[in-house]
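First the structure, in the form of structure tokens, and then the observations on it.
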Amino acid sequence: MATIYDIETKAEAAMDAALKALAREEPVAIPTETVYGLAADATSPYAISSIYEKKGRPRFNPLICHVSDLAMAEQYGEFDPVSRKLALAFWPGPLTLVVPLKASSAIHPLATAGLSTVGLRVPAGFAGKLISRFGKPLAAPSANTSGRISPTSAIDVEDDLGQKLRVILDGGPTKVGVESTILKSDETGVHLLRPGGLSVEDIERVIGGHVLRDVSQTGAIEAPGMLASHYAPDAKVRLNANRVSLGEALINFGGQSVVDADKAVARFDLSPSGNLREAAANLFSTLRAADRTGAFSIAIAPVPMTGLGEAINDRLMRAAAPRGK
Ligand code: TXA
Ligand code: MG
């Protein structure tokens with residue numbers, strides 16, 4: 001059974017318990033600004049295997065390695081000038097940069113799925129402090145069973161993985177609410193590998209040009225983000241709904257008028273005022289809440305594709321995708 005440590009009121013106990021578990025090569029659930037991560041020593045094959053095992057995650061998927069700052073990132077990855085500029089602009093923050101792995105890197109190939117590149121990110125707050133105390137990068141996917149909705153609170157983690165973990169750090173609800181944006185810069189430009197908590201508009205302002213959305217040309221990564229059924233609630237998910245059918249729960253956005261909304265089993269709004277940041281922060285907890293109503297289907301009103309809307313729509317499409325077994 002997991003012990004939950006509040007990082008505000010029990011900061012030292014939390015730090016201590018996390019550092020001890022990491023030293024035992026055990027995964028620890030940690031809050032980040034995006035979602036809760038299942039973190040373990042990225043240089044230890046035993047620790048990394050344990051992440052895959054607890055998540056039930058296919059091993060061919062590379063994990064993001066979390067570092068405390070750009071200096072630490074540069075011990076493991078080769079930064080071209082554009083990647084460095086992006087790191088300086090947005091770290092700590094919801095951005096992962098895929099860069100060539102340094103020959104001298106101590107990150108274990110199990111974390112990178114044997115690729116010659118590595119996804120690096122500097123998380124904000126307590127997670128960053130934990131990494132700098134630990135002194136080694138932490139591999140950390142979201143702290144949920146593979147294919148399930150990502151956790152945005154310590155209770156979400158406990159509900160899903162509580163039986164399999166000893167330490168869960170509680171930092172309250174996550175601020176951003178969707179996973180980091182993943183970018184890869186090369187001689188052909190800056191490629192978007194996964195839309196996430198940092199908007200393309202913000203990135204384009206910094207690079208002074210366009211971000212390329214051509215995932216397939218950037219390599220062989222068919223990531224969980226790309227598997228059909230990801231972020232799947234038990235209920236069926238119906239997108240771009242402008243009416244509610246009998247027995248459905250409704251997730252609205254910006255108070256749009258939806259036919260028969262009053263007949264919904266339960267009604268939610270990701271952001272009544274139509275704010276996409278608020279909607280992203282509420283997305284996963286609202287999907288969980290709608291699922292808990294027991295409705296057979298969740299009707300979701302359209303969400304605009306601008307700003308964080310791109311990441312929200314990406315996650316919603318995966319939640320609605322046909323399920324494997
Ligand atoms: O917000 C986040 O990014 C969360 C929190 C916990 O930090 N972490 C997260 O990690 O989502 P993870 O391990 O689930 O993300 C892995 C994804 C892969 O599916 C792949 O898309 C991408 O990161 N990735 C990692 N390494 C890569 C690489 N070398 N080349 C291309 N993509 C890579
Ligand atoms: Mg995940």
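The values are calculated or read from the model by the stated rules, or taken from the named source; none is laboratory data. What you see is a predicted model, and the numbers here were worked out from it, not measured in a lab. Every residue, glycine as well, gets a Cβ built from its backbone with ideal geometry; the counts of neighbours run over all protein chains shown. Only protein heavy atoms, including side chains, enter the accessible area calculation; ligands, DNA and RNA are left aside. Shrake-Rupley method; radii C 1.70, N 1.55, O 1.52, S 1.80 Å.
Out of all the residues in the range 99-126, which are more than 16 Å from ligand 2 (Cβ to nearest atom) and under 18 Å from D69 (Cβ atoms)? Residues satisfying the conditions are V99, K102, S105, A106, I107, V118, L120, V122, A124, G125, F126. Screening L169 with (1) outside any strand (DSSP E or B); (2) open to solvent by less than 10 Å² (accessible area, probe 1.4 Å); (3) over 30 Å from R323 (Cβ atoms) gives one miss only, at (1).
Taking the numbered list (1) farther than 20 Å from D202 by Cβ; (2) of a type outside the set (G, A, S); (3) open to solvent by less than 50 Å² (accessible area, probe 1.4 Å) in turn, R323 passes all entries but (3). For the range 148-181, a tally of residues being touching a Gly at 6+ places or on another chain (Cβ under 8 Å), of a type outside the set (S, T, Y) and within 12 Å of ligand 2 (Cβ to nearest atom) returns 2. The single condition among (1) part of a helix (DSSP H, G or I); (2) away from ligand 2 (no atom under 16 Å from the Cβ); (3) free of Cβ contacts under 8 Å to residues at least 60 places away in the same chain; (4) of a type outside the set (A, V, I, L, M) that G209 does not satisfy is (1). Only residues that are more than 15 Å from S44 (Cα to Cα) and open to solvent by 10 Å² or more (accessible area, probe 1.4 Å) were counted across the range 129-140, and they come to 3. Candidates are the residues of the range 247-277 that are crowded, with 19+ Cβ neighbours inside 10 Å and touching a Pro at 6+ places or on another chain (Cβ under 9 Å); the one that is nearest to V178 (Cα to Cα) is L276.
Listed here are the residues, each with its yes/no results for (1) under 28 Å from F284 (Cβ atoms); (2) touching a residue at least 12 places away in the same chain (Cβ under 8 Å); (3) open to solvent by 40 Å² or more (accessible area, probe 1.4 Å).
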{"residue": "Y36", "(1), (2), (3)": "yes, yes, no"}
{"residue": "A42", "(1), (2), (3)": "yes, yes, no"}
{"residue": "S50", "(1), (2), (3)": "yes, yes, no"}
{"residue": "I64", "(1), (2), (3)": "yes, yes, no"}
{"residue": "A71", "(1), (2), (3)": "no, no, yes"}
{"residue": "G77", "(1), (2), (3)": "no, yes, no"}
{"residue": "W91", "(1), (2), (3)": "yes, yes, no"}
{"residue": "H108", "(1), (2), (3)": "no, yes, yes"}
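Among residues of the range 134-157 that are in contact (Cβ under 8 Å) with a residue 40 or more places away in the chain and charged (D, E, K, R), those with a Cβ under 8 angstrom from a residue that is within 15 Å of ligand 2 (Cβ to nearest atom) and open to solvent by 30 Å² or more (accessible area, probe 1.4 Å), sequence gap 6+ or separate chain, pair up as R148/D160; D156/R288.
Of the residues making up the range 225-234, one or more are in contact with a Pro (Cβ under 7 Å, 6 or more places away or on another chain), more than 21 Å from I155 (Cβ to Cβ) and crowded, with 20+ Cβ neighbours inside 10 Å. Summed over the range 176-216, the residues that are open to solvent by 40 Å² or more (accessible area, probe 1.4 Å) and under 12 Å from the mean Cα position of the chain (by Cα) give a count of 1.
Suppose we keep only residues that are among the β-branched types (V, I, T) and part of a loop (DSSP other than H, G, I, E, B) within the range 1-41. Which one would you say is farthest from N144 (Cα to Cα)?
Here the residue is T9.
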